[in-house]
Amino acid sequence: MVLVRTTPPRPVEVTELFPELAPLARPAIRLHPRPGSPSVKDSSVGGPLLWPADEPWPHCEDAHLHGDSGFRESPAAIRLGRYRRAQQHDDSYGPLFTPEEVAALEQKAARLAERLDAGPPLPEECPVPLLPVAQLYLRDVPLLRPPGEADLLQILWCPYDHEPDWKPATRVFWRLAALVTDVVATPPEPYEANYSGYVPEPCLLAPEAITEYPGSLDLSPEVRQVVGDWSRWQAARAVVDGSYEEYPAEYYDAHLADTPGWKAGGWPPWGRTDPIPRYCAVCEARMVPLLTIASFEWDGETYGWAPQEERDAAYARGHLAGLDPAQPTRVEVGSTDNMQLYVCPESPEHPHTDLIQ
């Protein structure tokens with residue numbers, strides 16, 4: 001069965017209300033990750049990677065303070081705990097594992113628990129195997145601009161906080177899928193994670209092409225003033241909650257501008273800081289958004305972006321901790337923020353950059 005998720009029509013036609021925004025439209029693809037059992041041939045979040053058997057698995061060589069957060073669990077134990085909690089509460093958005101996969105997780109979690117109980121890692125164990133975050137095939141996300149003939153993007157991270165910004169360290173790989181004939185059978189995993197939110201749950205994707213407009217912080221002062229002009233909204237007879245009269249730009253940001261959730265391309269979500277231009281460290285070109293890794297697909301302000309197929313779940317309240325349908329990947333970065341990855345538009349193989357917003 002093909003997974004489909006559809007963004008509802010916006011409550012206001014953006015360019016009819018604000019023609020000034022038409023030149024600023026950008027294509028984006030909402031990924032809509034949802035729990036599933038992806039294979040190496042699928043685009044996924046937290047799923048297995050099409051990784052060549054003869055290519056070393058990437059490790060993080062930085063110094064790591066194991067257990068410095070007070071959290072000491074292996075990725076296997078984290079996934080097993082999520083599964084059991086979802087089963088206990090009959091959560092349809094919980095992880096999907098076969099009995100065989102559950103048994104394998106139980107065995108792996110037990111082995112790693114013994115290592116954790118034994119104390120700190122030995123020096124030779126300090127390089128930390130990276131965890132898969134996302135795998136995107138060009139056929140599913142055609143707006144990707146890979147280098148050369150590459151048609152596959154793979155993103156991994158180290159599940160430990162890294163100074164100075166206290167976020168996972170990310171790695172980006174491009175490759176041509178047809179050249180991978182022998183796939184690594186059992187990738188290594190870190191024996192613990194700094195935080196459970198750094199262990200993505202395996203998810204299939206339902207890519208959806210959309211058009212985005214910049215958030216108010218990305219607008220010029222002149223256009224920002226237009227968007228904040230309540231009389232313009234009234235003249236267009238836009239159906240907008242009167243509580244936004246004093247700050248109509250907040251309605252624009254929540255319901256009309258950049259979309260929440262995991263996405264490729266588009267406009268970046270801001271909020272923690274004002275927009276920060278990112279420049280390539282090699283050629284100084286202004287970098288462009290590659291991927292938004294989101295803690296939540298929607299929240300109390302942006303639930304109107306929830307797919308039509310999930311409206312009931314979006315409007316429901318009182319979800320148990322860790323069982324929120326708006327957090328299918330169980331990823332959480334920063335203080336329930338977003339991680340933005342940027343690449344060089346001139347040469348995608350140049351080093352990428354990332355930041356938390």
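The values are calculated or read from the model by the stated rules, or taken from the named source; none is laboratory data. Note that this is a predicted model, so its numbers are computed, not measured. Counting neighbours? That spans all protein chains shown, and the Cβs are built from the backbone with ideal geometry, glycine included. For accessibility, only protein heavy atoms count, side chains too; no ligands or nucleic acids. Shrake-Rupley method; radii C 1.70, N 1.55, O 1.52, S 1.80 Å.
Tell me yes or no: at least one residue of segment 80-89 is of a type in the set (G, A, S), in contact with a helix residue (DSSP H, G or I) (Cβ under 9 Å, 6 or more places away or on another chain), exposed (fewer than 13 other Cβ atoms within 10 Å of the Cβ) and at pLDDT below 95.
Step one: of segment 80-89, the residues of a type in the set (G, A, S) are 81, 86.
Narrowing the set further to residues that are in contact with a helix residue (DSSP H, G or I) (Cβ under 9 Å, 6 or more places away or on another chain) leaves 81.
Then keep just the ones that are exposed (fewer than 13 other Cβ atoms within 10 Å of the Cβ); that gives none.
No: zero hits.
Filter segment 207-228 down to residues that are touching a strand residue (DSSP E or B) at 6+ places or on another chain (Cβ under 8 Å) and hydrophobic (A, V, I, L, M, F, W, C) and give me whichever is least open to solvent (accessible area, probe 1.4 Å).
Among those that are touching a strand residue (DSSP E or B) at 6+ places or on another chain (Cβ under 8 Å) and hydrophobic (A, V, I, L, M, F, W, C), it is I210.
Return the residues of segment 147-174 that are open to solvent by less than 40 Å² (accessible area, probe 1.4 Å) and more than 19 Å from the chain's Cα centre (by Cα); say none if nothing qualifies.
Correct list: P147, A150.
Condition first: out of contact with any helix residue (DSSP H, G or I) (no Cβ under 7 Å at 6 or more places or on another chain), within 21 Å of Y160 (Cα to Cα) and not aliphatic (A, V, I, L, M). Can you find one or more residues in segment 202-213 that meet it? I'd like the intermediate steps shown before the answer.
Of the residues in segment 202-213, the ones out of contact with any helix residue (DSSP H, G or I) (no Cβ under 7 Å at 6 or more places or on another chain) are 202-212.
Filter once more, keeping what is within 21 Å of Y160 (Cα to Cα): 202.
Then drop every residue that is not not aliphatic (A, V, I, L, M), which leaves 202.
Yes: one or more hits.
Here is a list of conditions, (1) free of Cβ contacts under 8 Å to residues at least 24 places away in the same chain; (2) part of a loop (DSSP other than H, G, I, E, B), and R272 meets all of them except one; can you say which number that is?
(1)
Among what's in segment 262-279 and is among the aromatic types (F, W, Y) and surrounded by fewer than 23 Cβ atoms within 10 Å (Cβ to Cβ), pick the residue that is farthest from the chain's Cα centre (by Cα).
Across segment 262-279, the extreme among qualifying residues is Y279.
Tell me which of these D274 doesn't satisfy, since it passes every other one: (1) of a type outside the set (A, V, I, L, M); (2) at pLDDT 95 or above; (3) in contact with a helix residue (DSSP H, G or I) (Cβ under 9 Å, 6 or more places away or on another chain).
Just one mismatch for D274, condition (2).
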